[in-house]
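For reference, the structure I am asking about is given below.
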Amino acid sequence: MAVAASAGEFVLIPPGYGHVSINSGKELLVMANLVSTQFESEYALYEEMRSGGAFYAMEDNRNGWVRNPW
């Protein structure tokens, strides 16, 4: 899933979901992550699959987003 958010918008990432933040604009991205005190990062699946995010933003792609084929 890819979510396009504009300045001032709030995006909620549910527990159990990974995320990758991409600034596809030309201006500086300023963001904050608010997390529970019980939160722990889980990168094991990314490392195990050596896969990265579900989508990539490509500079030379007119469609803008490319799905990761993994």
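Could you list, in sequence order, the residues of the range 18-64 that are under 15 Å from the mean Cα position of the chain (by Cα), in a loop (DSSP other than H, G, I, E, B), surrounded by 10 or more Cβ atoms within 10 Å (Cβ to Cβ) and of a type in the set (A, V, I, L, M, F, W, C)?
Hits for the range 18-64 are 20, 22, 29, 54, 58.
Exactly one of these conditions fails for residue 1: (1) free of Cβ contacts under 8 Å to residues at least 24 places away in the same chain; (2) surrounded by fewer than 10 Cβ atoms within 10 Å (Cβ to Cβ); (3) under 22 Å from residue 64 (Cβ atoms). Give me its number.
With (1) free of Cβ contacts under 8 Å to residues at least 24 places away in the same chain; (2) surrounded by fewer than 10 Cβ atoms within 10 Å (Cβ to Cβ); (3) under 22 Å from residue 64 (Cβ atoms) applied to residue 1, the lone miss is (1).
Turning to a different aspect of this structure: Suppose we filter 42, 59 for residues that are within 20 Å of residue 11 (Cβ to Cβ) and charged (D, E, K, R); which single one remains?
42
Coordinate-derived values only; no laboratory data. Note that the structure is predicted; figures quoted are calculated from it, not measured. Glycine gets a Cβ as well: all are built from the backbone with ideal geometry, and neighbour counts include every protein chain shown.
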